[in-house]
Every structure is written in C-alpha cells, then in structure tokens.
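Down below is the structure, laid out as structure tokens.
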Amino acid sequence: MRRETPCGSSTDCRNSPWIFPIFIPHGGCPHRCIFCNQHRISGVQRMLPDPDTIVASIHSALLRPIDPKRTREVAFFGGNFLGLPRRVIRSYLDVIAPFRERGQIHRIRCSTRPDTVCPETLELAGGLGMTTVELGVQSMHDAVLEASLRGHGVRETQRAVACLREKGMAVGLQLMVGLPGDTVDKCLESAEKAVSLRPDFVRIYPTLVLEGTELAVRYRSGGYRPMSLADAVSTVANMVDVFIRNGIPVIRVGLQSSKELESKDGILAGPYHPAFGHLVETRRYRDRVVSALDALEFRASAIQIHVSPRDIPKMRGDRNETLRFLSKRYWFASISVVGDAALGKDQFLIESIERKSSRRLSGEWVRPIVSDGDDPAKGFPCSTGSSFTGSS
C-alpha cells in the first residue's frame, strides 16, 4: 500500500489526514476516458484487490510511525468506487469496520464519477463508514467533457454534489487543466463554477498524454496538443487563487510521482514535473511579490526580501527562477532572500539597500496611497496579507 499525505496549496501537512490509499484501477468505470490509464498513474497493474489483501495492506501500513494527532483515513482511488457492484462495496467496507471500531482508522473516502452517485448507494456506503466522496469532475464545461469522452455533463456533477450534501458527506472535487477543447479561460471558469458548488476541498491535475490511452493516439496523429509546463503552472496557480479567495482548500496539485509514471513507457507528452505543486506555489508567491512591487512602484537597485524561513524555497523559485525573473523585470542589480522567523507563512517584507553607503533603507518607492489608520512607520498592508516597511 502506498502512503499518501496530501499537502497542497492551502493545507498544512501537520494537520492534514494520513491517507492509506487502496487503488482500484478502472474498477467500476463504465468505459475508458480519453486521457485515463490508472495502471500507469497508480503503478498498480491488477484490477480489483480482494478483501483479504485490503486487510493485509492496512495492517502493514499501521506498522509505520504515524503521528497520533493526525486523522487516519482509508481511501479508494483510481476507479469509480460507487460504480462497483454493491456486494463488492459492502465486502470492502466490511473488512475496514474492525479497524474503525478499534480506533485505528477514523474515516473512509473514495473517488467516483458524478453520474454514479445515487441515494441508494450512498445509503449503503455511508452506513458502513464512508465519510468523504471525491468527484472526478475534470471540467465544468460540457463541451470539454464531451471531447474527453467522460460520458457525463455538468448537470450530473451538480446533482451528485446535492445528493452528497443531503447525506451529510464531505465533498471533494477533482479538476483537470488542458483537456481536449480546453482553454486557459475555460479552466478559470471551471474553477469559478466549482466554487459555486462549495466543495470541502479540491484537487487539480494537469492533463498528461499517457501511453495506452486514446489521447496518445490523437497526440501522435496531431489531433491533440498538450499545454506547456509554463502555461499549466500559470493556469493552475490562478485556479488555486480562486479557491483560496473563497475559503476552499486545495489539497493537491499535480500527480504524485512514481517509477511507473516516470518510466520511458509512461508519459508521452504533457506538462509533467515531479514537483509540479512546488512550481505552482512558487508562481503564486512570485505573483504576489510582483503585484506588491507594481502597486507600490518600488524603485531600488538592490533589495532584500524577508520571508518566513519555511517559505525561502517558494520565494527563490525552482533553480532561482523567481529571482532571475524579478531582476529582469525590475532591473535589480541584486536580490537577496532572508529568512525571518517573525514573519508567518506567505508573509514577506521588502527592503531596499543603498549599496554605496551600505545603509539599510526600509523603503524607496514613489509615495504610496495611505488609507486611514495606516502608520507609515509600521508599514503598509496589502491585499495578500504581506507588509512592506515604509520608514527610512
């Protein structure tokens, strides 16, 4: 059993659940979607595990060191769990019951298609401990769903969410970017429409061209062009911002890396990066710094950016890409990043440095607009929750 600790753009790994995934590649799926090859994604070649295998996997996983403060969940991924025969659903959940009774497992979740959610199956699954259902929504545009051979539309997603809410279950949405017929604008619209459903959390994945899929056939024939890595990172970063602004956690962006996925027979094309989530976070951090510098018309030849020590990698960017970008955009001769324990997560403070006299200045920009209650000696607040010192 592969252990997963989802910690994405708005979650703290110390507070997120400890998830024991059980993969059921394509189990319960009525057909194969154009982009999907769960055997490659999960690294699991068999179809459905038997109940005894599930029990053995949980026993093995529980032998590992686990923070006792974290919630432990069993999660059925890689297929359409609620589309399985009900006898199979019952057999799987029945063998987890003893672990729940002993307090070793606290919750159960599954991923499923929106069009297989129905009150009867939810009654069965909920009665046997299912607490969270993640819907493979992929897009909130019917044309994109049709081009991706999903077999369902936006209306089915809306109905599924309503049904899950009625049963008192937590709801997660899984979205993709770069599907056939997709555009950057459609991806952002999908995020806005998904917000209207008020999910408890979201995952976002880039579309990859995997061997053994219909999408691979179309790609080779010139019928599909994947998003570039830069466009995918930028698009997902903007989508994450949409969800965060609306108080919806994004618990993962990008596929979890694996040997199978990264093998020469795994990914044919597409915006894959083993640290895709980190690229998205550094892009979001960069965008906030740029917005602040633009708004304050910051002018200096050399600057220091103070951040929380934990945020230094996000501030610097992948291989210092963010620092190079800022230097080129603003003609900075020097940028240094300083860890400051007084700053919290996602907070930063920018200071200019007068190199000739080696004096440390705390602001060298065109006079900013100061609202009532702002104290120039303490700094100016910005919409990102970061602050900039304004005294010299």
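The values are calculated or read from the model by the stated rules, or taken from the named source; none is laboratory data. If you're wondering where the values come from, they're calculated on a predicted model, not measured in any experiment. Quick reminder, even Gly has a Cβ in these numbers, built from the backbone with ideal geometry, and neighbours come from all protein chains shown.
Hey, among the residues in segment 331-342 that are in contact with a Leu (Cβ under 8 Å, 6 or more places away or on another chain) and modelled with pLDDT of 90 or more, which one's nearest to Ser301 (Cα to Cα)?
Just the residues of segment 331-342 that are in contact with a Leu (Cβ under 8 Å, 6 or more places away or on another chain), to begin with: 332, 335, 337, 340.
Next, only the ones that are modelled with pLDDT of 90 or more stay: 335, 337, 340.
Details: Ile335: 9, Val337: 15, Asp340: 22 Å.
Step by step, filter segment 331-342, then rank; the result is Ile335.
Against the list (1) assigned to a strand (DSSP E or B); (2) surrounded by fewer than 22 Cβ atoms within 10 Å (Cβ to Cβ), the condition Ser234 fails is (1).
Within this structure, His141 passes the test of being under 23 Å from Asp200 (Cα atoms), modelled with pLDDT of 95 or more and of a type outside the set (D, E, K, R). Right, Gly178: surrounded by 20 or more Cβ atoms within 10 Å (Cβ to Cβ), touching a Cys at 6+ places or on another chain (Cβ under 9 Å) and in the same structural domain as Cys33 (by TED's automatic domain parsing) or not? Yes: the conditions hold for Gly178. When Leu215 is tested against (1) assigned to a helix (DSSP H, G or I); (2) free of Cβ contacts under 8 Å to residues at least 60 places away in the same chain, only condition (2) is not met. Restricting attention to segment 165-212 and to residues that are in contact with a helix residue (DSSP H, G or I) (Cβ under 8 Å, 6 or more places away or on another chain) and of a type in the set (Asp, Glu), the residue that is farthest from Pro114 (Cα to Cα) turns out to be Glu211.
Every residue in segment 246-270 that is out of contact with any Gly (no Cβ under 7 Å at 6 or more places or on another chain) and at pLDDT 95 or above, please. Matches in segment 246-270: Asn246, Gly247, Ile248, Pro249.
When each of Arg310, Arg355, Arg319 is tested for being among the basic types (Lys, Arg) and at pLDDT below 50, the lone residue that passes is Arg355. Filtering segment 113-129 to residues that are touching a strand residue (DSSP E or B) at 6+ places or on another chain (Cβ under 6 Å) and closer than 20 Å to His26 by Cα leaves Arg113, Pro114.
Condition first: without any contact (Cβ under 8 Å) to a residue 24 or more places away in the chain, assigned by TED's automatic domain parsing to the domain that holds Thr112 and not hydroxyl-bearing (Ser, Thr, Tyr). Can you find one or more residues in segment 193-201 that meet it? Quick ask: steps written out before the conclusion?
Of all residues in segment 193-201, those without any contact (Cβ under 8 Å) to a residue 24 or more places away in the chain come to 196.
The next check asks that each one be assigned by TED's automatic domain parsing to the domain that holds Thr112; those that pass are 196.
With the extra rule that they be not hydroxyl-bearing (Ser, Thr, Tyr), the set shrinks to none.
No, because not a single residue in segment 193-201 is without any contact (Cβ under 8 Å) to a residue 24 or more places away in the chain, assigned by TED's automatic domain parsing to the domain that holds Thr112 and not hydroxyl-bearing (Ser, Thr, Tyr).
The residue that is surrounded by the most Cβ atoms within 10 Å (Cβ to Cβ), among those in segment 201-231 that are hydroxyl-bearing (Ser, Thr, Tyr) and within 28 Å of Arg286 (Cβ to Cβ), is Thr207.
Residue-level check: of (1) under 28 Å from Met239 (Cα atoms); (2) at pLDDT 90 or above; (3) out of contact with any strand residue (DSSP E or B) (no Cβ under 8 Å at 6 or more places or on another chain), Asp50 misses just (1).
Checking every residue in segment 62-74 against the condition of being in a helix (DSSP H, G or I) and modelled with pLDDT under 95 gives at least one match.
Would you point out the residue of segment 47-91, among those that are under 14 Å from Thr112 (Cα atoms) and among the small types (Gly, Ala, Ser), that is surrounded by the most Cβ atoms within 10 Å (Cβ to Cβ)? Taking the candidates together, the pick is Gly79.
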